[in-house]
1. Those residues that are closer than 19 Å to residue 140 by Cβ and either modelled with pLDDT under 95 or buried (at least 18 other Cβ atoms within 10 Å of the Cβ) (or both), I need them from the range 107-125; list them, please.
2. For the range 110-127, check the following and say yes or no: at least one residue is in contact with a strand residue (DSSP E or B) (Cβ under 8 Å, 6 or more places away or on another chain) and not in a helix (DSSP H, G or I).
3. Output the qualifying pairs, or none if there are none: Cβ atoms under 8 angstrom, residues six or more apart or on different chains, first residue in the range 38-58 and loosely packed, with under 15 Cβ neighbours inside 10 Å, second residue modelled with pLDDT of 90 or more and assigned to a loop (DSSP other than H, G, I, E, B).
4. Tell me which residues, restricted to the range 58-85, are within 15 Å of residue 152 (Cα to Cα) and over 10 Å from the mean Cα position of the chain (by Cα).
5. Can you tell me which residue in the range 70-103 is modelled with the lowest pLDDT, limited to those that are in a loop (DSSP other than H, G, I, E, B) and surrounded by fewer than 18 Cβ atoms within 10 Å (Cβ to Cβ)?
């Protein structure tokens, strides 16, 4: 399963690099919009490429972004989904625009509790494509990391 996740990630990165490219100047290709984070973590909150918005993996972070909210998988899932919603809102998008999610759980026994909360954010029958995997550990001791892709047509 880990090999599949690594291969999938490599394929996505290769696709993005091929589609966007980085010219010799070191600047990203036209049409790529980076949304930097307000903290010191070395990755963008989201990157827009054409009509797609790629959200970085979200954790159930406290307001200062330095710790995970207390309360277990329920509190982490609710906070993670709220943070994803904030990022979507910055682009005029909603949960209905999400087309793909990757779920990473440090304890697969918590998958049913995660699913119960996650499902509330989508219209029944219109769930994004999704992969879920159990992982040994996540940043900051999180139980959950959720990465999403959203369709973000520029014509809106």
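The values are calculated or read from the model by the stated rules, or taken from the named source; none is laboratory data. Bear in mind the structure is a predicted one, so any value in this text is a computation, not a measurement. No Cβ is skipped: glycine too gets one built from the backbone with ideal geometry, and neighbour counts run over all protein chains shown.
1. The answer is 110, 114.
2. yes
3. 51/152
4. Residue satisfying the conditions is 85 alone.
5. The extreme case among them is 91.
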